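Student: Below is the structure I would like to discuss, written out as structure tokens.
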């Protein structure tokens with residue numbers, strides 16, 4: 001696709017050939033400018049396209065798409081500050097290929113292949129590693145689907161599950177640079193700093209939220225999976241996913257207009273019952289389970305809504321979720337008198353105005369708040385850092401993280417470009433317990449953590 005126009009295979013080659021052939025008949029065309037020159041050219045292109053050899057096949061369409069999202073991220077953890085250029089992982093740089101083909105009037109098939117690109121990772125860098133891990137290329141999507149207008153779509157391969165982005169629904173430009181419910185993507189890979197100025201070598205701010213920093217209720221990672229999606233009925237669409245290994249989820253979404261309001265919303269539920277996936281999609285990880293580690297029981301529920309008032313441009317985005325591990329305390333670490341919090345919850349809100357005040361494109365002004373409270377992930381942290389002792393590790397019982405922020409964005413429609421500036425102030429808490437003989441023994445101690453300030457300025461251009 002170039003400039004939003006899908007190229008049919010061979011069209012470029014056919015056009016070039018047509019221009020070359022036209023050289024020998026330039027005088028004829030020059031003598032007939034007022035006649036059928038345009039019609040003749042279109043007919044010539046159609047004839048050449050019908051006989052031109054092309055790469056691939058003529059039956060399945062191909063659209064190339066993507067985006068580049070880079071920015072300058074400045075941070076201050078109370079003792080150290082710095083600035084760097086990063087790929088914005090709120091909606092990272094990517095390139096993709098998609099297409100479809102009609103089988104008949106009711107059936108069609110298609111595919112999607114998408115690759116993410118990170119030069120330096122906005123959610124993985126630390127005070128001692130300014131680039132961060134997970135840089136380079138990563139496979140986001142690789143799947144095919146078959147669809148019936150009346151029966152729905154079945155997708156097979158790698159991609160997001162039914163609850164993917166279920167807590168991130170957003171009708172505004174902020175979805176590309178400042179997710180209101182997924183705050184880890186903006187600088188929360190930085191290591192925890194305590195009031196004495198020490199850095200934790202085991203814990204980052206995003207780990208206070210979850211295993212990978214994903215908010216409770218959100219679709220976990222990308223899986224090799226089978227997903228079914230219903231046709232749309234009165235704006236509603238339902239979907240369900242089964243994935244490797246013993247992961248499943250379901251979701252219900254709505255998109256439409258209610259009077260002067262544009263509305264998008266969704267809710268979803270998911271479970272995982274295989275212990276091998278605890279690092280990927282379960283709420284809590286860490287010490288060995290008592291008895292067997294072959295099974296786990298984790299579940300989560302979440303949803304979000306985005307409402308935009310068309311006449312004024314006022315908008316509201318809100319999300320919430322909960323995640324539970326029924327076996328969180330069935331571990332060696334918590335086999336003693338101290339129990340960990342086995343549940344995680346969050347809620348977030350973003351509100352503002354998005355209007356086209358200039359001929360360039362939409363302007364967005366917003367404020368936001370995020371609140372997380374939850375479980376331990378069965379993780380440990382340095383005892384000296386947490387204040388439970390001078391040596392060894394401490395068991396993390398519970399964590400909290402709050403973020404308040406605001407920002408502005410300006411779209412430039414002619415270039416498919418959005419420039420943005422966002423600010424966030426992050427406060428965090430952590431409660432830990434002394435470990436004796438591999439078991440948490442108490443008492444619970446609140447660690448003294450420094451606040452974090454983050455400023456992200458950049459741009460995203462789509463093609």
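Student: Counting residues that are in contact (Cβ under 8 Å) with a residue 24 or more places away in the chain and surrounded by fewer than 18 Cβ atoms within 10 Å (Cβ to Cβ), which strands (runs of 3 or more DSSP E) fully inside segment 355-463 reach at least 2? Outline the logic, then answer.
Tutor: On the way: elements: 363-374, 380-382, 393-412, 417-436, 439-447, 452-462.
The qualifying strands (runs of 3 or more DSSP E) are 363-374, 393-412, 417-436, 439-447, 452-462.
Student: Identify, please: which residue in segment 222-254 is free of Cβ contacts under 8 Å to residues at least 60 places away in the same chain and surrounded by fewer than 16 Cβ atoms within 10 Å (Cβ to Cβ) and is, among those, nearest to residue 116 (Cα to Cα)?
Tutor: Looking at residues that are free of Cβ contacts under 8 Å to residues at least 60 places away in the same chain and surrounded by fewer than 16 Cβ atoms within 10 Å (Cβ to Cβ), I get 244.
Student: Could you run through segment 311-324 and say how many residues are surrounded by fewer than 18 Cβ atoms within 10 Å (Cβ to Cβ) and under 20 Å from residue 253 (Cβ atoms)? Reasoning before the result, please.
Tutor: The initial filter retains those residues of segment 311-324 that are surrounded by fewer than 18 Cβ atoms within 10 Å (Cβ to Cβ), namely 311-312, 314, 316, 322.
Subset that is under 20 Å from residue 253 (Cβ atoms): 316, 322.
Looking only at that region, the number is 2.
Student: In addition: When residues of segment 131-156 are filtered for being closer than 22 Å to residue 266 by Cβ and in contact with a strand residue (DSSP E or B) (Cβ under 6 Å, 6 or more places away or on another chain), how many remain?
Tutor: Qualifying residue count for the region: 9.
Student: Another question, if that's okay. Which numbered condition trips up residue 194, out of (1) more than 27 Å from residue 261 (Cβ to Cβ); (2) modelled with pLDDT of 95 or more; (3) out of contact with any helix residue (DSSP H, G or I) (no Cβ under 8 Å at 6 or more places or on another chain); (4) surrounded by fewer than 24 Cβ atoms within 10 Å (Cβ to Cβ)?
Tutor: The one condition residue 194 does not meet is (3).
Student: What are the residues in segment 70-94 that are farther than 22 Å from residue 197 by Cα and buried (at least 17 other Cβ atoms within 10 Å of the Cβ), if any?
Tutor: Looking only at segment 70-94, we keep the residues that are farther than 22 Å from residue 197 by Cα, and these are 70-72, 85-94.
Scanning segment 70-94 gives 70, 71, 86, 87, 88, 89, 90, 91, 92, 93, 94.
Student: If I go through segment 309-339 residue by residue, how many of them are at pLDDT below 85, in a strand (DSSP E or B) and over 24 Å from the mean Cα position of the chain (by Cα)?
Tutor: The qualifying residues number 1.
Student: Continuing with this model, one more query. Just checking, does segment 388-399 include any residue being in the same structural domain as residue 353 (by TED's automatic domain parsing), in contact with a helix residue (DSSP H, G or I) (Cβ under 7 Å, 6 or more places away or on another chain) and closer than 30 Å to residue 97 by Cβ?
Tutor: As a first pass, look at segment 388-399 and keep what is in the same structural domain as residue 353 (by TED's automatic domain parsing): 388-399.
Pick out the ones that are also in contact with a helix residue (DSSP H, G or I) (Cβ under 7 Å, 6 or more places away or on another chain) and you get 389-394, 399.
From what's left, closer than 30 Å to residue 97 by Cβ: none.
The answer is no; no qualifying residue exists.
Student: Now, a different point. Working carefully through the options 219, 287, 275, find the one that is modelled with pLDDT under 95, surrounded by 17 or more Cβ atoms within 10 Å (Cβ to Cβ) and either within 20 Å of the chain's Cα centre (by Cα) or farther than 28 Å from residue 203 by Cβ (or both).
Tutor: On inspection, the qualifying residue turns out to be 219.
Student: Considering only segment 325-338, state which residues are surrounded by fewer than 23 Cβ atoms within 10 Å (Cβ to Cβ) and out of contact with any strand residue (DSSP E or B) (no Cβ under 8 Å at 6 or more places or on another chain).
Tutor: Matches in segment 325-338: 329 only.
The values are calculated or read from the model by the stated rules, or taken from the named source; none is laboratory data. In this text, all values refer to a predicted model and were calculated from it rather than measured experimentally. All Cβ positions, even for glycine, are placed from backbone atoms using ideal geometry, and neighbour counts span all protein chains on display.
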